[in-house]
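Take a look at the structure below.
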């Protein structure tokens, strides 16, 4: 997983705090960024022959639009 976290950090997506990358949070501030992060994960899966279980994946929206529906990713 370290390789995936490094790849996500190098791609410039995800959560940063004081210029430090915290990729394990897998935070994104837009659906477009989530899609880009999923593309990085997809390439990681191909490179390392791993499968992600999408049934364990969820989207949590925080803020004033917390109850707005999300488009499928």
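Worth a mention:
- Computed over segment 2-56, relative contact order equals 30 percent, with contacts defined as Cα pairs under 8 Å that lie 6+ residues apart.
- Taking every alpha-carbon pair in the chain and binning the separations at 5 Å intervals from zero gives 3, 14, 25, 25, 19, 10, 4, 1 percent.
- Highest average packing first - 43-52, 59-68, Cβ atoms within 10 Å: 43-52, 59-68
Each value in this text was obtained by applying a stated rule to the coordinates, not by laboratory testing. Owing to the predicted nature of the structure, the values given are computational and were not obtained by experimental measurement. Here the Cβ is made from the backbone with ideal geometry for all residues, glycine too, and neighbour counts use every protein chain on show.
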